[in-house]
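Since the structure comes first, as C-alpha cells, the remarks are kept for the end.
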Amino acid sequence: NDIEIAVEIGVWRGDSAIPIALALKRTGGMLYAIDPWSNTIAAAEQSSRDRHWWSNADMEQAFEDFRERKLFSGVSKHITTLKYTSLDALQIVRPQGKIGLLHIDGNHGQWSSLADVVNYVPQVAQGGFVYFDDTDWHSTKLAYELLQKTLSHVDMVGSGSNDKPNCAVFVKDW
C-alpha cells in the first residue's frame, strides 16, 4: 500500500521528516510535520536537566535547518509544516483522512506523550504504522505501554541508552 498521509509529531531539524517526505515524493503523499518550535512548550513537563536544555535550545535555528533541508531535498511539495502543538494541529490533520504512518517524537513529558498516542492513533488507518521514539524514557512509559496494549508490535529499532533499541514500530490492526 502506498502511504498517502504521514504525520510526524516533533520535527526539530527534520532528521526523520526529510526521509519520510522523500518516500512520499515517490507515492505522491503528504507529510504533516508538526512542531511548535517553541522553548516554552518544549520545556513543559521536562525534568530539570531537560527543561534547562529545551529552554535554551535555538529553536529558530532548528526551524531554519529544517526549512533548508526541505528545500535542498526537493520535498517542499510533500511537506505541510504545522508550527503548532500536536493538540492544536489535530484539527488540521484530522480532516485530511486516515494516517498511513505516524511518527511520535514530540514533547516527551508523561502527559504530552500520552496525549499524542490517545489523540493520533485513532486517526491511523487499519494496517497503518506507528513509530514511537524514545521508549526508554521514564516519562514516555505510559504512552509506550498504551501502544503495546492496543497495537501489534512489529520491531524495535534505534540505539538508545545502554546501546538498547529505543524506538518501537507498531501496526494498527483495527
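Sorting 101-108, 76-83 by their mean Cβ neighbour count within 10 Å, with the most densely packed peptide first, gives 101-108, 76-83.
Dipole of the chain computed with +1 at Lys/Arg Cβ and -1 at Asp/Glu Cβ about the Cα centre; of GLY100, ILE9, TRP111, farthest Cα towards the positive end is GLY100.
Look at the Cα gyration tensor of region 1-53: its axes a ≥ b ≥ c give a/c of at least 1.5 with a/b over b/c, and that counts as prolate. Surface exposure of region 1-78, expressed per residue as accessible area with a 1.4 Å probe, stands at 57 Å².
Read through the labelled values (i) 12.0; (ii) 9.5; (iii) 15.2 and report the label of the one computed as mean projected area of the Cα convex hull in nm² from the structure. Here mean projected area of the Cα convex hull in nm² agrees with entry (ii). What a 1.4 Å probe finds exposed on region 44-174 is 53% carbon and sulfur by accessible area, rounded to a whole percent.
What does the net charge come to around ALA115 if you take all other residues with beta carbon closer than 12 Å to its beta carbon, with K and R at +1 and D and E at -1? Net local charge, ALA115 excluded: -3. Which shape class applies to region 100-147: rounded if a/c is under 1.5, otherwise prolate when a/b exceeds b/c and oblate if not, where a ≥ b ≥ c are the square roots of the Cα gyration tensor eigenvalues? Verdict is prolate for region 100-147.
Placing +1 on the Cβ of every Lys and Arg and -1 on the Cβ of every Asp and Glu, with nothing else charged, gives region 18-174 a dipole about its Cα centre of roughly 580 debye. Note on GLU64 and ARG51: the model spin-label points, each 7 Å out from Cα along the C-beta direction, lie 2.9 nm apart. Put simply, the amide H of VAL154, placed in the peptide plane, has neighbours under 5 Å in VAL169, PHE170, VAL171, leaving out anything fewer than 5 places away on its chain. In the chain, the DSSP-assigned H stretches of four residues or longer account for a calculated mean residue ellipticity at 222 nm of -11500 deg cm²/dmol, using -39500 (n - 2.57) per stretch and the full residue count as denominator. Counting Lys and Arg as +1 and Asp and Glu as -1 over every other residue whose Cβ lies under 11 Å from the Cβ of ARG13, the net charge comes to -3.
The values are calculated or read from the model by the stated rules, or taken from the named source; none is laboratory data. Fair warning: this is a prediction, and the values are worked out from it, not measured in the lab. Glycine also receives a Cβ, built like all others from the backbone with ideal geometry; neighbour counts cover every protein chain displayed. The area values use the complete protein model at the heavy-atom level, side chains included, leaving out ligands, DNA and RNA. Shrake-Rupley method; radii C 1.70, N 1.55, O 1.52, S 1.80 Å.
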